[in-house]
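Single-structure report; data block below.
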Amino acid sequence: MPQVTLTVNGKSASVEVEARTLLVELLREKLGLTGTHVGCDTSQCGACVVHVDGTSVKACTMLAVQADGASVTTIEGLAKADGTLHPMQEMFREHHALQCGFCTPGMVMSAIDLVQSHPEGLTEAQIRHGLEGNLCRCTGYHNIVKAIAAAWPIMHGKVPAAAE
Amino acid sequence: MYDFAYQKPASLADAVKALGAEDAKALAGGQTLIPVLKQRLNKPSVVVDLSRLGLSGISLTGETVTIGAMTTHATVANSADVKRAIPALAHLASLIGDEQVRHRGTIGGSLANNDPSADYPAAVLALGATIKTDRRTIAADDYFQGMFATALEPNEVITSVTFPIPAKAAYMKFNNPASRYAMVGVFVAKGPQGVRVAITGAGQGGVFRHAAYEAALAANWSADALNGITTPTDGLNSDIHASAEYRAHLIGVMAKRATAAAG
Ligand SMILES: Cc1cc2nc3c(=O)[nH]c(=O)nc-3n(C[C@H](O)[C@H](O)[C@H](O)COP(=O)(O)OP(=O)(O)OC[C@H]3O[C@@H](n4cnc5c(N)ncnc54)[C@H](O)[C@@H]3O)c2cc1C
Ligand code: FES
Ligand code: FES
């Protein structure tokens with residue numbers, strides 16, 4: 001069976017997989033990282049989004065063998081060791097951007113890539129276009145869009161993180 | 001998903017050889033192939049990953065833009081060179097699927113697959129692009145051979161696509177809100193090969209050229225030149241998303257918008 005060696009959330013892992021094993025199966029079933037969700041069979045919902053070498057991708061639409069040698073970040077890799085949330089997670093909390101939470105890991109991973117790849121600024125229309133690959137059945141998206149807009153200045157160092 | 005053997009060859013020659021095996025399948029971005037495998041609609045013996053062949057990148061001459069087969073939709077959409085030389089092509093790439101699909105999906109995979117609702121076939125046909133493979137070059141007019149059918153031989157690998165730079169071009173897409181594929185997409189271009197109009201999403205046989213629109217726009221490049229020209233419904237798709245009559249109507253609307261946008 002193929003051997004895949006990759007870095008997940010900063011830690012190196014070497015795992016034996018079948019060629020047909022999906023990256024999301026490797027993460028959830030081999031590494032126990034169940035924060036990355038599976039919400040569909042059709043590559044449409046975005047619940048499975050993770051970062052591979054810094055870029056957001058659907059982990060259900062990539063073979064584990066394709067991630068050999070890559071650096072993967074999942075929702076579990078965002079908060080600091082002391083539990084301090086990533087600014088995007090903090091803004092999701094602050095703006096009530098989640099209800100049941102099923103879509104949230106994928107939303108947060110897509111949102112972070114979106115903010116990082118737009119240092120020049122991000123309009124509401126761009127945020128909505130950027131979230132086309134992430135479905136949410138609960139929130140109606142408005143608060144997710146607000147949370148992402150609020151995270152942009154924090155992630156780009158334009159304002160200090162809100163004090164309690 | 002059925003299991004298969006996996007290979008990641010380091011040279012084009014090795015990839016072509018590996019693809020010579022019975023039921024071998026090339027893997028590019030996987031954004032079509034993996035969903036198909038998950039549904040067990042295909043059972044390859046071996047999957048040949050093309051990612052180590054150095055087939056991605058964009059290069060420009062004064063007259064052409066060449067895009068490597070493994071170049072992702074996101075790279076084309078964000079390329080300063082493509083935006084300058086053929087902005088309509090960068091715009092088209094930015095409308096494919098969603099952000100995460102664009103991060104992995106490739107131009108070569110899209111053209112090899114030739115989904116009747118895919119976007120790139122419209123650009124390739126309207127701009128009169130040339131498809132380069134491991135063994136030959138194929139003109140756009142000879143390449144598309146009906147729904148999911150192309151001129152490619154079973155083990156043939158697309159290596160790049162060369163687009164002549166047009167004087168004017170634009171793409172307008174009416175997408176299916178659930179799948180994001182084109183219900184109707186119209187690419188209009190005025191280039192070295194004259195005026196060409198390609199329609200995707202609508203035809204039962206995949207992408208096609210619209211002769212009546214081409215003649216009208218060649219005589220008078222303006223949205224008004226298309227007034228009163230109807231598109232026959234024979235050969236247009238009719239499904240739960242849209243009837244053939246509605247698609248015929250959308251072709252007119254999208255073609256006018258595209259012509260106006262091309263300026
Ligand atoms: C949710 C979702 C939405 C989408 N929306 C759209 C959309 O709006 N518009 C659109 O156009 N597409 C859409 N797509 C499809 C997407 O653009 C795919 O990326 C594309 O169709 C296939 O490219 P790929 O690189 O992913 O190819 P793969 O899936 O890896 O391969 C597709 C096929 O092409 C063959 N192949 C791949 N590369 C080559 C090559 N270089 N030479 C020869 N054969 C090759 C493979 O063997 C396979 O048969 C969508 C996909 C998803 C999952
Ligand atoms: S699980 Fe739905 S897109 Fe991956
Ligand atoms: S919070 Fe329930 S699906 Fe988005």
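The values are calculated or read from the model by the stated rules, or taken from the named source; none is laboratory data. Since this is a predicted model, take the numbers as computed values, not measurements. Here the Cβ is made from the backbone with ideal geometry for all residues, glycine too, and neighbour counts use every protein chain on show. Surface areas here come from the heavy atoms of the whole protein model, side chains and all, with no ligands, DNA or RNA. Shrake-Rupley method; radii C 1.70, N 1.55, O 1.52, S 1.80 Å.
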(message) Out of B:Leu95, B:Leu89, I need the residue that is within 12 Å of another protein chain (Cβ to nearest Cβ) and aliphatic (A, V, I, L, M). Which one?
(response) B:Leu95
(request) Taking the residues in region B:221-249 that are within 29 Å of B:Ala151 (Cβ to Cβ) and among the polar types (S, T, N, Q) as candidates, determine which candidate is surrounded by the most Cβ atoms within 10 Å (Cβ to Cβ). (result) B:Thr231
(message) Residues to consider are A:Ser56, A:Ser43; find the one that is touching a residue at least 24 places away in the same chain (Cβ under 8 Å), within 14 Å of chain B (Cβ to nearest Cβ) and of a type in the set (Ser, Thr, Tyr).
(response) A:Ser56
(message) Filter region B:191-220 down to the residues that are open to solvent by 40 Å² or more (accessible area, probe 1.4 Å) and farther than 14 Å from B:Ala122 by Cα and list them by number.
(response) B:Pro192, B:Gln193, B:Gln204, B:Ala211, B:Ala212, B:Ala215, B:Ala218, B:Ala219, B:Asn220
(message) If I ask for residues that are crowded, with 18+ Cβ neighbours inside 10 Å and of a type in the set (D, E, K, R), which ones from region B:133-147 would you list?
(response) none
(request) Among the candidates B:Thr150, B:Thr106, B:Thr130, single out the residue that is closer than 18 Å to B:Leu89 by Cα, open to solvent by 20 Å² or more (accessible area, probe 1.4 Å), hydroxyl-bearing (Ser, Thr, Tyr) and out of contact with any Lys or Arg (no Cβ under 7 Å at 6 or more places or on another chain). (result) B:Thr130
(message) Against the definition (part of a helix (DSSP H, G or I), closer than 18 Å to A:Glu18 by Cβ and either in contact (Cβ under 8 Å) with a residue 24 or more places away in the chain or open to solvent by less than 70 Å² (accessible area, probe 1.4 Å) (or both)), how does B:Leu37 come out, yes or no?
(response) yes
(message) What's the total number of residues in region A:6-38 that are within 14 Å of another protein chain (Cβ to nearest Cβ), assigned to a strand (DSSP E or B) and not aliphatic (A, V, I, L, M)?
(response) 1
(request) Kindly provide the set of residues from region A:110-164 that are among the acidic types (Asp, Glu) and over 24 Å from B:Ser94 (Cβ atoms), ordered by number. (result) A:Glu164
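Rundown of residues vs (1) open to solvent by less than 60 Å² (accessible area, probe 1.4 Å); (2) touching a residue at least 60 places away in the same chain (Cβ under 8 Å), yes/no style:
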| position | (1), (2) |
| --- | --- |
| B:Leu60 | no, no |
| B:Ala69 | yes, yes |
| B:Thr75 | no, no |
| B:Ala80 | no, no |
| B:Lys83 | no, no |
| B:Ala88 | yes, yes |
| B:Ala93 | yes, no |
(request) Select the strands (runs of 3 or more DSSP E) contained entirely in region A:39-158, then report the ones holding at least 1 residues which are surrounded by fewer than 19 Cβ atoms within 10 Å (Cβ to Cβ) and at pLDDT below 95. (result) none
(message) Please verify whether B:Asp23 is near ligand 1 (Cβ under 9 Å from one of its atoms) and either without any contact (Cβ under 8 Å) to a residue 24 or more places away in the chain or charged (D, E, K, R) (or both), treating the condition exactly as stated.
(response) no
(request) Under 9 Å between Cβ atoms, at least 6 apart or on separate chains: pull out the pairs that start in region B:106-132 with a residue that is at positive phi and end on any residue that is hydroxyl-bearing (Ser, Thr, Tyr). (result) B:Asn114/B:Tyr143; B:Asn114/B:Thr150
